[in-house]
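Q: To start, I am sharing the structure in question, which I have written as structure tokens.
The values are calculated or read from the model by the stated rules, or taken from the named source; none is laboratory data. Computed from a predicted model, the values in this text were never measured in an experiment. Note: ideal-geometry Cβ built from the backbone for every residue, glycine included; neighbour counts use all protein chains shown.
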Amino acid sequence: MDAIVKPKRTSGALPPPEIRKVGVIGAGQMGNGIAHVCALAGYQVGLNDLKQEAVEAALASIKRNMVRQVSRGLITEAEMTRALGQISYSPSLESLVDCDIVIEAATEDEAVKRRIFSDLKGKSKPGAILASNTSSISITRLAATTVQPERFIGIHFMNPVPVMQLVELIRGIATEDDTFSTARKFVESLGKQTAVSEDFPAFIVNRILLPMINEAIYTLYEGVGSVEAIDKAMRLGANHPMGPLELADFIGLDTCLSVMQVLYEGLADSKYRPCPLLVKYVEAGWLGRKTQRGFYDYRGEKPVPTR
């Protein structure tokens, strides 16, 4: 049993509405994945981003991924057509006012996320749940920027969203029971399983995963092994499906660095110090697959280690 027992929390505020429409802020890899699974589950989805081109690119990506699911027999063509018709472009935060839950999936930067939730004030349905897909940042701090912190919760999807089965649920100090239970039912309706985490830096998955990746980068930095040797060792020696450096490139080295900085600053423990080599790669703009270079160079026919 993974539920964390909490005292009953009620404020007399409007109860969360029944969820029929989902707002997603941010049309990047995580945002389009969240829109994808919500639409397939039958929800209307309003997808918002600063640029319409980003939403158009997201819709194209969602269609490609659904076509792949059809080819594998995971969904039918009719299900794909219906789901694609459920997603619409929401050009502004004001256009999310009819959403029953709004999930922020912007870049892993606390200042950016706080600004989004501050801008949402007065632009969401009364009683609507606001959620962040943050992988590491305090839910309590983010909730404090909203009008109803009792209606705020962390809903952390794993990447890639359509494939990964787990979603972390994180309550802030003000999150009320009906917010939590509604969010949990919603996540389960997407065919996902939940793990409940306390509101500590990086929660459960990244608290364990990112220090391992950071240690793999230290192992490279100190010359213990090459990129190829480190990834091969963990794939064949620990039976990991993907080596830690290949995984870092997949996640995005900027995201890896952000999570390690949250851990290092939040827990004040030197064991979480980001590896200087990780910092150097991010400073160079070598962020992994999304920029075509990271610990591997993806510009050729097959990935080649960069060290």
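Q: Could you figure out which of (1) of a type outside the set (V, I, T); (2) under 18 Å from M30 (Cβ atoms); (3) in contact with a Leu (Cβ under 9 Å, 6 or more places away or on another chain) isn't true of N65?
A: (3)
Q: Is there any pair linking a residue in region 277-300 that is under 9 Å from D249 (Cα atoms) to one that is of a type in the set (G, A, S) and part of a strand (DSSP E or B), with Cβ under 9 Å and at least six apart or on different chains, and which?
A: So the pair list comes out as G294/G288; F295/G288; Y296/G288.
Q: Among all residue pairs at least 6 apart or on different chains, which show Cβ distances below 7 Å where the first residue, located in region 34-57, is on the phi < 0 side of the Ramachandran plot and the second is of a type in the set (D, E)?
A: Close Cβ pairs (under 7 Å, with a partner that is of a type in the set (D, E)) amount to L40/E79; V55/D49.
Q: Looking for something at positive phi and outside the structural domain of V70 (by TED's automatic domain parsing) - is there at least one such residue anywhere in region 210-231?
A: Within region 210-231 (the criterion being at positive phi and outside the structural domain of V70 (by TED's automatic domain parsing)), the answer is yes, since at least one residue qualifies.
Q: Being modelled with pLDDT of 95 or more, closer than 17 Å to P15 by Cα, part of a helix (DSSP H, G or I) and polar (S, T, N, Q) is true for just one of T179, T175. Which residue is that?
A: T179 is the lone residue from the list that is modelled with pLDDT of 95 or more, closer than 17 Å to P15 by Cα, part of a helix (DSSP H, G or I) and polar (S, T, N, Q).
Q: Residues L50, L96, L84, L59: which one is of a type in the set (A, V, I, L, M, F, W, C), more than 26 Å from N206 (Cβ to Cβ) and surrounded by fewer than 16 Cβ atoms within 10 Å (Cβ to Cβ)?
A: After applying the criteria, what remains is L84.
Q: Then there's this: If you go through region 266-297 one residue at a time, how many are outside any loop (DSSP other than H, G, I, E, B), of a type in the set (D, E, K, R) and more than 14 Å from V227 (Cβ to Cβ)?
A: 5
Q: Is there a residue being of a type in the set (F, W, Y) and either within 25 Å of the chain's Cα centre (by Cα) or part of a strand (DSSP E or B) (or both) anywhere in region 221-231?
A: no
Q: Could you check how many residues of region 25-51 are among the hydrophobic types (A, V, I, L, M, F, W, C) and in a strand (DSSP E or B)?
A: 3
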